[in-house]
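The structure under discussion appears below in the form of structure tokens.
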Amino acid sequence: MHDTSGQVFLADCPTRLAVEILAEKWAVIVLFALSLKPQRPSDLAELIGGISGKVLTQTLRRLQRYGLVERHAYAEAPPRVEYSLTALGGTLIEPIQVLTEWARDNGEAIVDFQENEGREA
């Protein structure tokens, strides 16, 4: 069997592109929020907290361009828009849940380390 793990470091590797998409600051949080149910942008902003409307819109559009999120516009007055995960986006929920569990288990240790490093500097 040929080891291709080094290829993820190449700029044109699809694996690297996928990692870069998820490494964007708000991507994983938005995806995880959408795993709960389809949501309007205002509901997402309220749920997430700390994200501006502009950044949320940019993040949703980026995730939509990569096929992870879909936008549903309803012909109503006033107009209503909801975002939901695509089938591809849904495949990320389990890995995001694992990452979230790791963060819950280790977040405090990271904060403690940062505080202790600050004292030693």
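The values are calculated or read from the model by the stated rules, or taken from the named source; none is laboratory data. As the structure is a computational prediction, the values presented were derived from the model and not from experiment. Cβ coordinates were reconstructed from backbone atoms using ideal geometry, including for glycine residues, and neighbour counts include every protein chain displayed.
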Regarding T4, is this residue at pLDDT 90 or above and either surrounded by 17 or more Cβ atoms within 10 Å (Cβ to Cβ) or farther than 23 Å from V98 by Cβ (or both)? no
Right, E70: without any contact (Cβ under 8 Å) to a residue 24 or more places away in the chain, in contact with a strand residue (DSSP E or B) (Cβ under 9 Å, 6 or more places away or on another chain) and not polar (S, T, N, Q) or not? yes
Looking at A87, A11, which one is of a type in the set (A, V, I, L, M) and at pLDDT 95 or above? A87
When the stretch 52-65 is examined, which residues are found to be surrounded by 18 or more Cβ atoms within 10 Å (Cβ to Cβ) and either out of contact with any strand residue (DSSP E or B) (no Cβ under 6 Å at 6 or more places or on another chain) or more than 30 Å from L10 (Cβ to Cβ) (or both)? L56, T59
Turns out the helices (runs of 4 or more DSSP H) fully within the stretch 22-85 with at least 3 residues that are out of contact with any Gly (no Cβ under 9 Å at 6 or more places or on another chain) and under 19 Å from T100 (Cα atoms) are 27-34, 41-48
So, in the stretch 73-121, exactly how many residues are in contact (Cβ under 8 Å) with a residue 12 or more places away in the chain and more than 22 Å from the chain's Cα centre (by Cα)? 1
Selection within the stretch 6-21 - part of a helix (DSSP H, G or I) and either of a type in the set (A, V, I, L, M) or touching a residue at least 12 places away in the same chain (Cβ under 8 Å) (or both): V8, L17, A18, V19, I21
